[in-house]
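The structure appears below as structure tokens.
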Amino acid sequence: MNRLPSLLFDLLAFLAPLAPAAVGGLVTEYVGSLNIALEGLILAGAFSYIAVGSVSGPAVGFLAALLVPAAIAYISDLFSRKARADSFVIGLGVNMLVPAVASIVSQAVFGTKGVAVVAGLQSGRVFNEAAGLPLLGFLFGQRTTDYLALVVAVLIAVALARTPFGTRARAAGMNQDALVMAGVDPGRIRGWAYALSGLACGASGAALAASVGAWVPNMSAGRGWIALVAVYLGGKRLGGTFAASALFALLLSMATRAQALSGAPAELLMALPYFITALVVILGAARTRARKRN
Amino acid sequence: MKFPIAYRTVKDSGASSALPRMSAALSTAVVLAAIAAALLSSEPAIALRAFFIAPFLNTPSFLSMLELSAPLALCALGVIVTFRAGHYSLGGEGQAYAGSFAAAAAGYAGFIGTGTTATIAALVAGATAGAVVAALPAAGKRFAGADVLLTSILVSQGAIFVVDWAIGGPLRDQTGNLIAMPALDPGMLLPRLAPPSTLTLAPFVAVVFCLLAALYFDRTRSGAAHDLYGRNPRFAGLQGYDVQRLAWLPIIVAGLLHGLAGAFMVLGAKGTALRGMSGGIGWSAIGVALVAGSRPAAVPVAALLFAWLDSGARQAAVLSDLPPDAGLAIKALVILVVSARPAWSAFRTLKVRLSRRSHGGNRGGIQS
């Protein structure tokens, strides 16, 4: 029982960089487009936080982490629409381009293409004094950027669920003609959706980079793909996406705990959540297929 | 008022004209490489020379580049096999990495002996490992209709962790600083055809596989069924094709090809399995497939283009101060440019739009 608060604490720490990216993936799903660039956008956010933060401090770094991936996502979608290019391939291109550019800029700015540690950019724990509370302490001991990332995720979720933009985004995904008849440009809605998606991924990236106060190449470690899986596992719904993100965060936190307790190889334990999630995806698909047959 | 555009999906990309795509890719790569050398290096002349001329300067350099293109071509062929069946498998990276590991493990401590038999056994082990990593997504698609894109990337990521552990843990060569398995017995490696270059039989095998795949897609009923299934599975089923087999077999074949590519890397230039040795080959292969217009016959040339970008960037990084990742950035930009519709098509669309407007306004509907 004593281990439960630690497990929940880890769960929240893993959820903070994952949930915003998952919501970002959901935004573009609403407009009927699969954004597979989530992984690259998270990296763009993480690198922007460290690169800009090293010059202007963590607050401006966090802002840059939101805006740079948003701009990348918006421009990539604009290119996809105007050049009538395949958004799937564009996403792949972004995923390849971002780490390469980050490495080149890192070499120029920090003098290394590897790990770049910047003093003062590791996020503090704003509510740490309340972390000792019984039962609910795990809610308060997180890093400030984790809270900020989760706030970004919630705000975007609210925008999707409660604002005209959310309604238009869904209409853009379901029936573009209807949107045109209402006098709304579906391309513009899609562009905003991509920008929001980038912004959400940027929050994820900032949370990751701020947790260690450093840029580590490929530090997203597949979180963008997991976020995409969470969107599908959650049935492309807000609640479901958050729940699926929480499930994966739980698996990761259990893997971390198991490593600490058992001394089993970290890599093997880190592999488990991916295999388990793949099985969950397959079982979910089997269930859906069975329902349709019945 | 603006009208909605029928956005292209990856299904529209199918097999298309390879020549314009490759011309666009080559010219883009050349321009970008020149820009990169000019902007990112303090010695642009040396960087340019290293990028453009060094890989072709002598026969060994060129032949080594040819060797580099072989695994890429096999992986790209795997991508084409899955994409043309409408399965968007993104698990190539893990499949190739598992193939490398299995090939090295098969020869580890020489327990399968040396010589041609051992080499073939290692190649088979590599291909099988790739297929094993592809098995779960294939089964998921066949029996549950699970999205291959999601399951393949998940299983691939998991496999990468497992192989990382095996190479860096129990099978690591403890005598060196490199995180790698012990070097294989030279007797079981593929023979070097033109030393000092690293050229082996691998590029020739890749070309044969590409030609066989081209024959399969263009000349056989099964190939036609494969393509038809990729475009419209229900229609393919109505035509009496074995759609259940097409739901899983292309994914396994792609796994075999990726695994074989990984094995060739070990048995060719590397000589052992190193941690992280796949180095993004699964992602580059998708770019190669795109540049080749999903046409197997064009794959060797497209793979050679990407191998040149890798080789040129590496040489430029050694001989000048051009960042080594410039090659990766150029590859990504080439993919972006090639994915766009050719300019002439855009002009044609514009012409049609203007013509419609001048004949009584826009009729509405979705533009094709």
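The values are calculated or read from the model by the stated rules, or taken from the named source; none is laboratory data. Note that this is a predicted model, so its numbers are computed, not measured. Here the Cβ positions follow ideal geometry from the backbone for every residue, glycine too, while neighbour counts run over all protein chains shown.
Under the condition of being part of a helix (DSSP H, G or I) and within 8 Å of chain A (Cβ to nearest Cβ), the residues counted in the range B:161-173 number 5. Confirm whether residue A:151 is surrounded by fewer than 19 Cβ atoms within 10 Å (Cβ to Cβ) and either farther than 22 Å from residue A:97 by Cβ or within 19 Å of the chain's Cα centre (by Cα) (or both). Answer is yes for this residue. The residues listed here are A:251, A:238; of these, the one that is more than 10 Å from chain B (Cβ to nearest Cβ), buried (at least 17 other Cβ atoms within 10 Å of the Cβ) and closer than 18 Å to residue B:157 by Cβ is A:251. When the range A:65-105 is examined, which residues are found to be farther than 14 Å from residue A:194 by Cβ, free of Cβ contacts under 8 Å to residues at least 40 places away in the same chain and of a type in the set (A, V, I, L, M)? Within the range A:65-105, A:83, A:89, A:100, A:101, A:104 qualify.
Here B:267, B:309, B:290, B:304 are screened, and the one residue that is in a helix (DSSP H, G or I), over 21 Å from residue B:79 (Cβ atoms) and in contact (Cβ under 8 Å) with a residue 12 or more places away in the chain is B:267.
Just name the residue that is farthest from the other protein chains (Cβ to nearest Cβ) out of those in the range B:119-131 that are under 13 Å from residue B:254 (Cβ atoms) and aliphatic (A, V, I, L, M). Among them, the one singled out is B:127. Restricting the search to the range B:128-150, which residues are within 24 Å of the chain's Cα centre (by Cα) and free of Cβ contacts under 8 Å to residues at least 60 places away in the same chain? Scanning the range B:128-150 gives B:136, B:140, B:146, B:147, B:150. Screening B:211, B:215 for residues that are out of contact with any helix residue (DSSP H, G or I) (no Cβ under 7 Å at 6 or more places or on another chain) and modelled with pLDDT of 95 or more leaves exactly one candidate, B:215. On inspection, residue B:125 passes the criterion of being at negative phi, surrounded by fewer than 24 Cβ atoms within 10 Å (Cβ to Cβ), in contact (Cβ under 8 Å) with a residue 12 or more places away in the chain and aliphatic (A, V, I, L, M).
Residue B:135 satisfies every condition listed in (1) at pLDDT below 95; (2) surrounded by fewer than 24 Cβ atoms within 10 Å (Cβ to Cβ) except (1). Is there a residue in the range A:194-215 that is buried (at least 17 other Cβ atoms within 10 Å of the Cβ), within 14 Å of another protein chain (Cβ to nearest Cβ) and assigned to a helix (DSSP H, G or I)? Yes: the range A:194-215 contains one or more residues that are buried (at least 17 other Cβ atoms within 10 Å of the Cβ), within 14 Å of another protein chain (Cβ to nearest Cβ) and assigned to a helix (DSSP H, G or I).
Only one of the numbered conditions (1) within 14 Å of chain B (Cβ to nearest Cβ); (2) touching an Asp or Glu at 6+ places or on another chain (Cβ under 8 Å); (3) farther than 30 Å from residue A:51 by Cα is not met by residue A:174, and that is (2).
For the range B:33-56, residues that are within 14 Å of chain A (Cβ to nearest Cβ) and over 16 Å from residue B:317 (Cβ atoms) total 1. For the range A:254-272, filtered to residues that are within 14 Å of another protein chain (Cβ to nearest Cβ) and touching a residue at least 12 places away in the same chain (Cβ under 8 Å), the residue that is farthest from residue A:157 (Cα to Cα) is A:269.
Number of residues in the range B:320-353 that are more than 9 Å from every other protein chain (Cβ to nearest Cβ) and modelled with pLDDT of 85 or more equals 0. For residue B:208, indicate whether it is of a type in the set (Val, Ile, Thr) and closer than 18 Å to residue B:85 by Cα. No, not satisfied. Return a yes/no flag: does the range B:213-229 have any residue that is in contact with a Phe, Trp or Tyr (Cβ under 6 Å, 6 or more places away or on another chain) and touching a residue at least 60 places away in the same chain (Cβ under 8 Å). No, because not a single residue in the range B:213-229 is in contact with a Phe, Trp or Tyr (Cβ under 6 Å, 6 or more places away or on another chain) and touching a residue at least 60 places away in the same chain (Cβ under 8 Å). For the subset of the range B:182-227 comprising residues that are within 22 Å of residue B:239 (Cβ to Cβ) and among the hydroxyl-bearing types (Ser, Thr, Tyr), which member is surrounded by the fewest Cβ atoms within 10 Å (Cβ to Cβ)? Here the answer is B:220. Looking only at residues of the range B:5-32 that are within 14 Å of chain A (Cβ to nearest Cβ), assigned to a helix (DSSP H, G or I) and modelled with pLDDT of 55 or more, we find that the one that is nearest to residue A:175 (Cα to Cα) is B:21. In summary, residue B:42 fulfils each of the numbered conditions (1) part of a helix (DSSP H, G or I); (2) at pLDDT below 90 with the single exception of condition (1). Which residues, taken from the range B:303-319, are within 14 Å of chain A (Cβ to nearest Cβ) and either of a type in the set (Phe, Trp, Tyr) or under 21 Å from residue B:85 (Cα atoms) (or both)? Listed by number, the list holds a single entry, B:306.
Residues checked against (1) within 13 Å of chain A (Cβ to nearest Cβ); (2) part of a helix (DSSP H, G or I); (3) more than 29 Å from residue B:23 (Cα to Cα):
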{"site": "B:236", "(1), (2), (3)": "no, yes, yes"}
{"site": "B:245", "(1), (2), (3)": "no, yes, yes"}
{"site": "B:252", "(1), (2), (3)": "no, yes, yes"}
{"site": "B:257", "(1), (2), (3)": "no, yes, no"}
{"site": "B:283", "(1), (2), (3)": "yes, yes, no"}
